[in-house]
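To keep things clear, I will list the structure first and then write my remarks on it.
The values are calculated or read from the model by the stated rules, or taken from the named source; none is laboratory data. Just so we're clear, the structure is a prediction, and the values are computed from it rather than from any experiment. Please note: Cβ atoms are built from the backbone with ideal geometry, for glycine as well, and neighbour counts cover all protein chains shown.
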Amino acid sequence: MHPDVQGDLPASLEEFGLSKYEGRAYLTMIGRGSLAASDLAYYANLPRTKVYQTVKKLEKKRLAVVSKQKPLICSAIPPEEAFGEIVDLHERRVKNMRKIVERLQKLSDAGQRPKGSEERRYFILDPDSALTKIAGLVASARSSVTATLDPWGLRLVAQCRGQLIKAATNGARVRFVIGQQCLGSESLSSLPDGIELRTGDVSANLLIIDMAHMVSVDSSNGKAALFASLDAFGTLQARNFEEVWAKAQAHSINSKSAQLRPCAPRS
């Protein structure tokens, strides 16, 4: 193996979702600069039949730039620019997890579980199952759908446009607090009229439907935790949403530009 791809760095890049070949190619471009596809295959020890597919995947992940003309010249995006957003996202997730642990500890300190209490359980859903389940729960909503959403969560619920319309038709009040990073997202144009939107401090994707079901979605992999009923923890999350909602800034959707416009707040 060539010096560029020795050591444990290629394996470490799997933490960022890169395959073995993608990790080798990226590290080689970082170390040697722009390379023709054939040279990249040589220095990164990649099969020639895989090099084009590998660099195109890196380009799609915004980790590399590939020239349009032949011979193809491949260049890496600098690491801080390429991975900075991902690191920031994980830091926000860790911060939110710590907050949740603190809340859980407060519940634990409040006292022992009473005798005869029911054990609450949750289910882990893969990304496809998460979308299907959320769509079904939203479509059946009768009283309320609330959510805090980051860009990942916004893209997810935007795929449930028909179900959101059905929920609103059934009389459910739909309220979303989206993070500032969602402003300007194309997903906003997919949301139907009648949804109450506010922007605020969002650190996790959490949906509560009819105060009966709660879904937490992991932005790093799309997996979700489904709580079939709200126990004390779920009730706490519902109260937390109301606090976030009260502090957030109200907006309305401008569907032509998929932007948000400030509007008078509704309590």
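A few comments on the model shown:
- Listed by first and then second residue, the pairs with beta-carbon distance under 9 Å, at least 6 apart or on different chains, first residue in segment 193-221 and over 18 Å from LYS95 (Cβ atoms), second basic (Lys, Arg) and assigned to a loop (DSSP other than H, G, I, E, B), are GLU196/ARG266; ASP210/ARG142.
- On the stretch given as segment 163-184, residues that are surrounded by fewer than 18 Cβ atoms within 10 Å (Cβ to Cβ) and within 18 Å of the chain's Cα centre (by Cα) total 4.
- Cβ-Cβ under 8 Å pairs, at least 6 apart or on other chains, segment 59-76 side touching a residue at least 12 places away in the same chain (Cβ under 8 Å) and farther than 17 Å from THR28 by Cα, far side surrounded by 13 or more Cβ atoms within 10 Å (Cβ to Cβ) and not β-branched (Val, Ile, Thr): PRO71/ALA36; PRO71/ALA37
- Residue within segment 156-167 that is touching a Phe, Trp or Tyr at 6+ places or on another chain (Cβ under 9 Å), closer than 27 Å to PHE123 by Cβ and not in a strand (DSSP E or B) present: yes
- For segment 36-52, a residue qualifies if it is surrounded by fewer than 22 Cβ atoms within 10 Å (Cβ to Cβ) and not in a helix (DSSP H, G or I), and the qualifying residues are ALA36, ASN45, PRO47.
- Checking LEU236, LEU197, LEU206, LEU226 one by one, the residue that is within 17 Å of VAL101 (Cα to Cα), assigned by TED's automatic domain parsing to the domain that holds PRO151 and assigned to a strand (DSSP E or B) is LEU206 and no other.
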